[in-house]
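Peer 1: This is the structure, below, for whatever I ask next.
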Amino acid sequence: MFHILSEGKVFRGRPGRTTAVAIAAALVVIGCSAQTTTTEAPTPAGVSVTAPDQIGCADVVGVVAETEGSGAYRFDVTVRSADTGWDKYADLWEVRAPDGSVLGKRVLAHPHVAEQPFTRSQGGINVPVGVELVTVAARDSVAGYCGEVFEVSLP
């Protein structure tokens, strides 16, 4: 048995002709009524930047950056993800320069199903002189990079 929600209506049933008609009708209503508006605005440093709504993405919800000296930094990154087990989990986060190049990353070696959100750290990430703002993004093992990223000003 499954449920389909559409504009406050719930369709219940087993897969079959009636359910297929209900699904098709719901998709037509949703498809016809959807409107997309894109607005780009500058994002202040230290504020989360949201990607399009995606189910099952890994979101970066917090970052603390500390200098280790000689251009190296330690990043404490908090990730929220829809981990289900070894079949789907947040498997990596990375620090990106303003030009998109990857400055460093932390491989997440196992799922965090019962620990959400979770924080993992990585030190020794070298940031070029003059870079004052970096972006941190997390990757889902199935969905890839599709969740919220986080911009952080370096100390």
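The values are calculated or read from the model by the stated rules, or taken from the named source; none is laboratory data. All of these numbers come straight from a predicted model, not from anything done at the bench. FYI the Cβ positions are ideal-geometry reconstructions off the backbone, even for glycines, and counts take in every protein chain you see.
Peer 1: Take the residues in the stretch 75-103 that are acidic (Asp, Glu) and under 22 Å from Pro128 (Cα atoms), then tell me which one is surrounded by the most Cβ atoms within 10 Å (Cβ to Cβ). Steps first, please.
Peer 2: Of the stretch 75-103, the ones acidic (Asp, Glu) are 76, 83, 87, 91, 94, 99.
Then keep just the ones that are under 22 Å from Pro128 (Cα atoms); that gives 76, 94, 99.
Numbers: Asp76: 14, Glu94: 23, Asp99: 7.
This residue is Glu94.
Peer 1: Now, a different point. What number of residues in the stretch 133-147 are modelled with pLDDT of 95 or more and either hydrophobic (A, V, I, L, M, F, W, C) or part of a loop (DSSP other than H, G, I, E, B) (or both)?
Peer 2: Number of matching residues: 5.
Peer 1: Moving on. Among Asp91, Asp76, which is at pLDDT 95 or above and assigned by TED's automatic domain parsing to the domain that holds Glu148?
Peer 2: Numbers: Asp91 fails: at pLDDT 95 or above.
Step by step, each of Asp91, Asp76 is checked, and only Asp76 is at pLDDT 95 or above and assigned by TED's automatic domain parsing to the domain that holds Glu148.
Peer 1: Further question on the same structure: Filter the stretch 48-73 for residues that are part of a strand (DSSP E or B), at pLDDT below 90 and either under 14 Å from the mean Cα position of the chain (by Cα) or surrounded by 12 or more Cβ atoms within 10 Å (Cβ to Cβ) (or both) and give the result.
Peer 2: Ser48, Val49
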